[in-house]
Amino acid sequence: MNPQLSSATAAPHAHGGGSVARAMLHVQLALLPATLHGFWLYGWPSFFLWLLTILACVGWEALALRLAGAPRPAAVLRDGSAVLTGWLLALTLPPWAPWWVAVIGGFIAIVVAKQVFGGLGQNVFNPAMVARVALLVSFPLPLTQWVAPLAAPAPGFVDSLQRFLGGAPVPDALTSATLLGHAKTELSRGADLAQALAGPAAPTLSWLGERAGSFGEAGALLLFAGGLYLLAVGVIRWHAPLGVLAGLALPAAIAHAVDPARYLDAASHLLSGAAILGAFFIATDYVTSPATPAGRLVFGVGVGLLSWIIRSWGGYPEGMAFAVLLMNGLTPVIDRLLRPRILGRDRRGRPRDVPAGELRR
Amino acid sequence: MGILTSLKDWFGNDWGVHPDDRKRPAADAPVRVMPVPARLYLPLQQHLGAPARPVVRVGQRVKKGELLAAAQGAVSAPLHAPTSGTVAAVGEVTAPHPSGLALPAIIVDADGADEWGALAGSTDPFALAPDEIGRRVAAAGVVGLGGAAFPSAVKLAGAARAGVATLLINGSECEPYLSCDDRLMRDAAAGIVDGIRIMRHASGARRVLVGIEDNKPEALAAMAAAAAPFPEIAVRRVPARYPMGSEKQLIQTLTGIEVPADGRPADAGVIVHNVGTALAVRAAIRDGKPLISRLITVNGGCVAAPGNVEVRLGTLAAEVLAFAGGLKGDGLGLARRLVGGPMMGSEIPHWRVPVVKGTSGILALAADEVAAAGEGPCIRCAACVRACPVGLLPLEMAARIRNDALDAAAAIGLADCISCGCCAYVCPSHIPLVQYFQHAKGELAARERARLRGEATRKLATQRQQRLEREAREKAAAAARRKAERAAQQAAARADAGEPA
């Protein structure tokens, strides 16, 4: 690049003090309550999974940077983005998933979805969601084994580590269906949803999260609180989250009102799967979402709507990850179509006319 | 920040940034008047437009206020002696600019008497014709004291021609660290209001709005009290938000009028003048005094006694700093020397640069006050989009410039960028966005110049070609004519000689 660009004398001489690492740290803080809650619900295996997924992401990032000959690999690793990707991926996995899921997931997220595109800021698709979807379609069985929360008897530290590293499947006695998965199965059998969800074998929808699902799914309310924290500290803005929640809840509420036998209600949609995580932590990903407030609102609505469509009619019970990836692909188009209006110009970029009269003597 | 501002921020009307307010304690310290230094260095160009033309000889004695250099061209301003003394040289001085280039300047040795020359003031400015006021303001060398240094008389005349309805007075002073306008409004509110009334008379504006940021309650109170007897002058409080002092932003905030992108404020029926300019206009008209001194803020973590100092133009920054108590620890902690504010001011190579008409501050910043982190990759957080007061996409323009697609950057509004620095201020990756944009603007301007030059050259070449062809044709025609004439003469001669045809 031009050497002029690297001289250090240009204004502004002051800086607001923000940094990439600080933003990432805020997001990690926001994830902490839901994560701790997950540890409590699912025990040591979930802790090992969380730890290894993060370590795998950081490790793959370090390796990729080294192979690419990055100028300042240590500084890049310290920005916290790889840790965050691993953390988010872990929250979407089954809490008792074996070790190799974490390692392969980290590889897909960091190497395939991020570094191949050119590293931080260059990737088109959200790395954690790419990894989640790739794992799901590649290894459907271990990726859909949901353990019931507060499993009894809870495995001890050593037992958990052996199970985690040995890759033993979750014993049938401990597994349980997720609400969305159960609804999908029942519907495909032609059952009436209202009755199927009322039956004794039906999974519960608990506001406090004591139900089967991915590591982060049960902590929906805690994730919501984390999202509010991010809004308060200004790391994210309201446009994308509100778009996702509205895009998911509105069609769900309408469809449920019309035909409760075939469509889940809005609360079930909002509290299940990755809805809250997706709204506040995935759809707000800086890199892969549009740059303008209007664009972010459109993006969020798209994610929510597509999620609902996939959940209602698609082949998978859960659609958030697919919806995010689809909308990631549309981000450049949204950015192109929804540019802000420049001061003194109309929407098409032509200079505005001055209102006549009044202004003159 | 009020509830309404918070709500506006939440729902999108939130251009600009809120830099740390470092105006106090300097703003609260009483103004100190600096004595005249032994030697003054006066660059011939202290304003936008053509440099002034010297009208004094070396060795000539001058009185305070006497003309040293005359305005040259339509947009220019004259220069006057800040004190009585002798013209020591017409030489060069380091420009108060990052380049550190030499500027042609008149150097005056003070005689210590500080004696005024003849002054012709006016006891009743409102009896003067607006044209006459414009002429006197121009002759006094008054330029915009907010920093841009545009010749004030040109603006007043333009306003009178365009028939503007509104005169805006800029007392917002949005740059952190600077407080010279704040101090002026507190100490000389009556004089400023008098100057405003004279400017209103000269520009023909109907109403006057004075915009002052809400972080200056003392200035707001003083100005409101001074303006109370004059119903045509309204003092308005505006939210403290950088760059409120930028003309188009202030106009929009106070009047709701959006100046067209290709126009000037006068096109939208508004002109904007700074409060310091109003005071200078008053001095020029009432007392006949030219602009020879100004108030500047001396501030920054390395300054021993921050405050505002009344300084003669041409005083070296080094001497101003020494007068203000020098630097803490002999300047060991100094990280950056600036003239102007930290958002749009310029870094200077050393302190031996003169105070000029547009100098609003001299800042000595410590390491913890300057942006120093290395540049990282853009993470598309769009903080820059939110901060941009003009509605641009800085991240997108920077991406295009990085790929050398300068025309593509121009297509999304590069020319509308006002270089306020909000984008770079908020960028978490510390990308020097303003530098990108300045570079691209400079490059595009250079290309445009080269294109025009190429066109001119091509046109000249074509004209030369046509001329050569025409000359060749004429030559050939002349030769043919001569040949024919010769043949005719010979034939005639032969006929005369009785030869058979």
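The values are calculated or read from the model by the stated rules, or taken from the named source; none is laboratory data. Just so it is clear, the structure is predicted and the values come from calculations on it, not from any experiment. Note that each Cβ is placed from the backbone with ideal geometry, even for glycine, and that neighbours are counted across all protein chains shown. Surface accessibility is based on the protein's heavy atoms, side chains included, excluding ligands, DNA and RNA. Shrake-Rupley method; radii C 1.70, N 1.55, O 1.52, S 1.80 Å.
In table form, for the structure just shown:
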item: Matching option when the condition is under 21 Å from the mean Cα position of the chain (by Cα) and surrounded by fewer than 23 Cβ atoms within 10 Å (Cβ to Cβ), among B:Ala38, B:Ala74; result: B:Ala74
item: Any hit, the stretch B:311-325, residues being part of a loop (DSSP other than H, G, I, E, B) and under 26 Å from B:His18 (Cα atoms); result: no
item: Residue within the stretch A:241-251 that is assigned to a helix (DSSP H, G or I), within 14 Å of chain B (Cβ to nearest Cβ), under 20 Å from A:Ala134 (Cα atoms) and under 19 Å from the mean Cα position of the chain (by Cα) present; result: no
item: Residues within the stretch A:18-27 that are open to solvent by 30 Å² or more (accessible area, probe 1.4 Å) and touching a Phe, Trp or Tyr at 6+ places or on another chain (Cβ under 9 Å), tallied; result: 1
item: Cβ-Cβ under 7 Å pairs, at least 6 apart or on other chains, the stretch B:409-427 side more than 9 Å from every other protein chain (Cβ to nearest Cβ), far side among the basic types (Lys, Arg) and open to solvent by 30 Å² or more (accessible area, probe 1.4 Å); result: B:Ala409/B:Arg400; B:Leu414/B:Lys441
item: Exclusive hit being assigned to a helix (DSSP H, G or I) and more than 16 Å from the chain's Cα centre (by Cα), set A:Leu330, A:Leu306, A:Leu270; result: A:Leu330
item: Residue count for the stretch A:273-293, restricted to those that are open to solvent by less than 10 Å² (accessible area, probe 1.4 Å) and either within 14 Å of another protein chain (Cβ to nearest Cβ) or not in a helix (DSSP H, G or I) (or both); result: 6
item: Residue count for the stretch B:224-247, restricted to those that are open to solvent by 20 Å² or more (accessible area, probe 1.4 Å), within 19 Å of B:Asp181 (Cα to Cα) and out of contact with any Pro (no Cβ under 6 Å at 6 or more places or on another chain); result: 11
item: Condition check for B:Ala387: under 26 Å from B:Gly245 (Cβ atoms), open to solvent by 20 Å² or more (accessible area, probe 1.4 Å), more than 7 Å from every other protein chain (Cβ to nearest Cβ) and small (Gly, Ala, Ser); result: no
item: Qualifying positions in the stretch A:48-73 - within 14 Å of chain B (Cβ to nearest Cβ) and charged (D, E, K, R); result: A:Glu61, A:Arg72
item: Where B:Thr462 falls short, out of the listed (1) away from chain A (no Cβ under 14 Å); (2) in contact (Cβ under 8 Å) with a residue 24 or more places away in the chain; result: (2)
item: When residues of the stretch B:149-162 are limited to those that are within 14 Å of chain A (Cβ to nearest Cβ) and over 23 Å from B:Arg236 (Cα atoms), the one surrounded by the fewest Cβ atoms within 10 Å (Cβ to Cβ); result: B:Arg161
item: Helices (runs of 4 or more DSSP H) completely within the stretch A:28-140 that count 3 or more residues being open to solvent by less than 20 Å² (accessible area, probe 1.4 Å) and more than 25 Å from A:Leu223 (Cα to Cα); result: A:44-68
item: Flag for A:Lys114 being among the basic types (Lys, Arg) and either touching a His at 6+ places or on another chain (Cβ under 7 Å) or modelled with pLDDT of 90 or more (or both); result: yes
item: Conditions (1) closer than 30 Å to A:Val20 by Cα; (2) away from chain B (no Cβ under 14 Å); number of the one not met by A:Tyr316; result: (1)
item: Residues of the stretch B:165-210 satisfying the condition of being of a type in the set (Ser, Thr, Tyr) and within 13 Å of chain A (Cβ to nearest Cβ); result: B:Thr166, B:Tyr177, B:Ser203
item: Only listed residue being touching a His at 6+ places or on another chain (Cβ under 8 Å) and either polar (S, T, N, Q) or under 30 Å from A:Ile334 (Cα atoms) (or both), chosen from B:Ile379, B:Ile401, B:Ile348; result: B:Ile401
item: Residue within the stretch B:289-303 that is within 24 Å of the chain's Cα centre (by Cα), more than 26 Å from B:Leu363 (Cβ to Cβ), in contact (Cβ under 8 Å) with a residue 12 or more places away in the chain and away from chain A (no Cβ under 14 Å) present; result: yes
item: Residue check, B:Ile251 within 14 Å of another protein chain (Cβ to nearest Cβ), in a strand (DSSP E or B) and modelled with pLDDT of 90 or more; result: no
item: Among (1) open to solvent by 10 Å² or more (accessible area, probe 1.4 Å); (2) under 23 Å from B:His18 (Cα atoms), the one test that B:Asp267 misses; result: (2)
item: Elements of type helices (runs of 4 or more DSSP H) contained in the stretch B:391-496, each with 3 or more residues being over 24 Å from the mean Cα position of the chain (by Cα) and farther than 22 Å from B:Ala371 by Cβ; result: B:406-411, B:433-496
item: Among the residues listed as A:Arg296, A:Arg311, the single one being more than 15 Å from A:Pro251 (Cα to Cα) and either free of Cβ contacts under 8 Å to residues at least 60 places away in the same chain or not in a loop (DSSP other than H, G, I, E, B) (or both); result: A:Arg296
item: Residue that is least open to solvent (accessible area, probe 1.4 Å) [pool: residues in the stretch B:198-223 that are more than 19 Å from B:Ile271 (Cα to Cα) and of a type in the set (D, E, K, R)]; result: B:Lys216
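Residue-by-condition table, conditions (1) within 14 Å of chain A (Cβ to nearest Cβ); (2) open to solvent by less than 10 Å² (accessible area, probe 1.4 Å); (3) in contact with a strand residue (DSSP E or B) (Cβ under 6 Å, 6 or more places away or on another chain):
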| position | (1), (2), (3) |
| --- | --- |
| B:Val259 | yes, yes, no |
| B:Gly263 | yes, no, no |
| B:Asn274 | no, no, yes |
| B:Asp287 | no, no, no |
| B:Val311 | no, yes, yes |
| B:Gly326 | no, no, no |
| B:Asp330 | no, no, no |
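Quick grid of which residues meet (1) at the interface with chain A (Cβ under 9 Å from one of its Cβ atoms); (2) under 25 Å from the mean Cα position of the chain (by Cα):
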| residue | (1), (2) |
| --- | --- |
| B:Met343 | yes, yes |
| B:Val355 | no, yes |
| B:Ala373 | yes, no |
| B:Pro377 | yes, no |
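This table checks each residue for (1) farther than 28 Å from A:Arg341 by Cβ; (2) touching a strand residue (DSSP E or B) at 6+ places or on another chain (Cβ under 7 Å); (3) surrounded by 21 or more Cβ atoms within 10 Å (Cβ to Cβ).
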position	(1), (2), (3)
B:Val353	yes, yes, yes
B:Val370	yes, yes, no
B:Arg380	no, no, yes
B:Gly413	no, no, yes
B:Ile418	no, no, no
